[in-house]
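Asks: First, the structure itself, so that you have it in front of you.
The values are calculated or read from the model by the stated rules, or taken from the named source; none is laboratory data. All figures in this text were calculated on a predicted structure; none of them were measured in a lab. Backbone-built Cβ (ideal geometry, glycine too); neighbour counts: all protein chains shown. Ligands, DNA and RNA are stripped out before the accessible areas are found, and what is left, the full protein with its side chains, is counted by its heavy atoms. Shrake-Rupley method; radii C 1.70, N 1.55, O 1.52, S 1.80 Å.
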Amino acid sequence: MKKFFTVFKNSVKDKSTRKKILIVLLLFLIFRFFAHIPVSGVNVNQLKSLFSENQFLGLLDIFSGGTLSNFSVLAIGLNPYIYASIVLQLLTVVYPRLEALSKEGDYGRQKINQYTRYITIPLSIIQAFGMYALLRNQHIITNLDPIGIASFVLTMTAGTMFVMWIGELISEQGIGNGISLLIFAGIVGRLPVVAIQTLSTVTQQDIINLGIFTVMGVVVVAAIIFVSEAVRKVPIYYAKRVRGSRTYGGQSTHLPLKLNQAGVIPIIFAVSIVLLPSLVANYLTTVKNPFFAGIGSFFSANFSPTSILYNAVYFVLVVGFTYFYTAVIFNPDKISEEIQKYGGFIPGIRPGKSTAAFFNYIITRITLAGAVFLGMVAVLPSIIPMFTGTNTLLIGGTSILIVVSVLIETVKILETHMVTKSYERYTN
């Protein structure tokens, strides 16, 4: 915590970095402002009552930063964009042309981001239609004429595109991933409301439970920081090279391989998918067709946030996405080529393919520990009530993971900016 305040204080002193931070804070403020603009035609009071009675919807509302219970113009949020990102990343692995495009530097990333935006639009429209059908079946929104439905869908879609644009503007400032930071802002903005709801119903027994919850929270935060900072150091030696009268190389260093290469992205992807069955169930249970109503009842009974099946699927998805995203961002062949290019080698390992295989061997095993840890933190909200009886803080593990991970990532980026600035002043 002391390091965070020190880095932030030094960043504020630098004019260019301070400007970027102020722009990001302004974008956060705009995001929170639009998060409280409700869509017309929705009974907000009845909707909040539904959210307070439904544990799944309460979980979804906390994760969205309160945009769903208010049913603001940003109610759909970033889910369609996250789904589109998952689709593009999967296609990048199986489709050679996209894989080649992803390796073309900034141009390739820009084209893939453009394709992601294109896919986000139809996904937003589909989700907006589903949201309208759900609210209509719950009698929270009245039957609209075709123009009213079109207006509703367009408003929801525009909200998603708007928040996606804000996320990209934040990313352009270079102090963190815009999507992760927006989710972070939504959770932090919602936490005071959750805390007030919890404290307003505190009894003498609840004080003990809250104490247990606080201790568990501190332990989880410490564990998240430990795993985020844990690395496997691979020693690398550089052979001596003589050019004229000068000698190059002959140095030893190490390549740090993080225990959790993927960061917070896998849990964001996983929670976006694992919430789908419960969302579909809320709609299907009101359908008159007995077959679809039965499917809805099955999902409703087995995919609540406290069910064993829900948490098992959630855990598997987090582990799977951790491996998948690590494979996307960590390329053993490329790293091996770079080391060989500069005359480096790992003791006892031949340069080239053997080095790439060695990296693959290590990353596969250390990622298992990181993936299992992320999965355990993801299902933590279902374990906490067993010890504390506190249900209003259901999202605890996921929110803590996102908040702490984003803070650590942001501090590292700001620290890198400060080192770069110091180096530029030194060289100039």
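Asks: Place the peptides 314-321, 97-104, 177-184 in order of packing, highest mean first, counting for every residue the other Cβ atoms within 10 Å and averaging per peptide.
Replies: 177-184, 314-321, 97-104
Asks: Considering just Cα atoms, how many Å³ per residue does the convex hull of the range 80-161 enclose?
Replies: 95
Asks: Quickly work out the Tyr115-to-Ala150 label distance, labels modelled 7 Å from Cα along the C-beta direction, and quote it in nm with one decimal.
Replies: Taking the simple label geometry, Ala150 and Tyr115 are separated by 3.2 nm.
Asks: Next question. With a 1.4 Å probe and all protein chains left in place, how much accessible area per residue does the range 269-340 have, in Å²?
Replies: Spelled out: the 1.4 Å probe surface of the range 269-340, per residue, equals 50 Å².
Asks: Follow-up question, since we're still on this one. Calculate the radius of gyration of the Cα atoms of the range 267-364 to one decimal place, then report Dmax, the largest Cα-Cα distance, as a whole number, both in Å.
Replies: Cα radius of gyration and Dmax of the range 267-364 are 22.2, 70 Å respectively.
Asks: For Cα pairs less than 8 Å apart in space and 6+ apart in sequence, what is the mean separation divided by the residue count of the range 68-138, i.e. the relative contact order in percent?
Replies: Averaging sequence separation for qualifying contacts and normalising by length gives 37 percent for the range 68-138.
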